[in-house]
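Scroll down for the structure; my scribbles are underneath it.
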Amino acid sequence: MDEDTRTLAIINSKGTLDMAYPGLVLANAARMMGIEVKMFFTFWGMDIINKKKSDHLKVSPVSTPSMGMPTMVAGLPGVTDMATTMMKREIEKLDMPPVHEFLEMIHDAGAELYACKMSVDMMKLTEADLVDEVDEIVGAMEFLEMTEGAQILFI
Amino acid sequence: MTTLQDVSLDTEGFMVDPNAWNPEIAEALAEEEGLAPLNERHWAVIDFVRKDWGETGESPTLRRITKQSGVNTKELYALFPKGPAKKVARVAGLGKPKGCI
């Protein structure tokens, strides 16, 4: 496929720190090599573009066996915050920006950001609750229409 | 005007020896990339990339460029449209970028 016309549609459905970054990194990488990017945030993925939450996403060691922590310990108060702090430190070491700055960067780079209409309604949000980088609130059909022929990633 | 005939490039068009780079080669590579003529804002980016490579031995990430060269993300994408990562590295005479950011 010609790079000039290649488009990546990324659907972000999760709101944890570890599930936010893959979409952001891929969106940025695509823009760096000239691929068009349209991102759709839905359900818990709405937290990524929620003004109050975007820089406060967490990673939970509960049901993340990769982190190697026994569930009994992982569920103790404060453990999620501790794991989150540690992961944020590692992310920073890799020269990756915090979530909101990352959104700003990929938006400036030309990626388009869309919020899911149904999730906005369900969570009783308005445009004012979302980061300024969000281009529009659209329905699922509208998003699929504008990404016709694109490669779709569901995260 | 320098032609690229004397410059060794790899299969993807990146310079094999970054030390053989000079501003005339940059202009010739920019021509190939459809960026010519390079203006002072292009040079702000290229000069920073060359300087940073000289100091660290690695080509800087786009994020590092936008944080330190005085050229922000929007402008960087306008100066080097359709894939700034490869274009910046190529014109600055460095290898294909390997980073993710």
Does residue B:41 satisfy being at pLDDT 90 or above and closer than 21 Å to residue A:29 by Cα? no
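So that you can scan it fast, the table gives a plain yes or no per residue for (1) within 30 Å of residue B:58 (Cβ to Cβ); (2) in contact with a Leu (Cβ under 9 Å, 6 or more places away or on another chain); (3) touching a residue at least 60 places away in the same chain (Cβ under 8 Å):
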residue: A:59; (1), (2), (3): yes, yes, no
residue: A:78; (1), (2), (3): no, no, no
residue: A:96; (1), (2), (3): yes, yes, yes
residue: A:99; (1), (2), (3): yes, yes, yes
residue: A:107; (1), (2), (3): yes, yes, no
residue: A:115; (1), (2), (3): no, yes, yes
residue: A:118; (1), (2), (3): no, no, yes
residue: A:135; (1), (2), (3): no, yes, no
residue: A:150; (1), (2), (3): no, yes, yes
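Determine which member of the set A:27, A:20 is away from every other protein chain (no Cβ under 14 Å), small (Gly, Ala, Ser), under 18 Å from the mean Cα position of the chain (by Cα) and open to solvent by less than 20 Å² (accessible area, probe 1.4 Å).
Working: A:27 fails: away from every other protein chain (no Cβ under 14 Å).
Sole residue among the options that is away from every other protein chain (no Cβ under 14 Å), small (Gly, Ala, Ser), under 18 Å from the mean Cα position of the chain (by Cα) and open to solvent by less than 20 Å² (accessible area, probe 1.4 Å): A:20.
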The listed residue being touching a residue at least 24 places away in the same chain (Cβ under 8 Å) and on the phi > 0 side of the Ramachandran plot, out of B:70, B:95: B:70
If only one of B:26, B:36, B:85 is away from chain A (no Cβ under 14 Å) and touching a residue at least 12 places away in the same chain (Cβ under 8 Å), which one is it? B:26
Hits in region B:59-77 - residues which are at the interface with another protein chain (Cβ under 9 Å from one of its Cβ atoms), open to solvent by less than 40 Å² (accessible area, probe 1.4 Å) and either in contact with a helix residue (DSSP H, G or I) (Cβ under 8 Å, 6 or more places away or on another chain) or within 14 Å of residue B:43 (Cα to Cα) (or both): B:62, B:63, B:66, B:73, B:76, B:77
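The values are calculated or read from the model by the stated rules, or taken from the named source; none is laboratory data. A quick note: this is a predicted structure, and the numbers were derived from the prediction, not measured. FYI the Cβ positions are ideal-geometry reconstructions off the backbone, even for glycines, and counts take in every protein chain you see. Heavy atoms of the whole protein, side chains included, go into the accessibility calculation; ligands, DNA and RNA do not. Shrake-Rupley method; radii C 1.70, N 1.55, O 1.52, S 1.80 Å.
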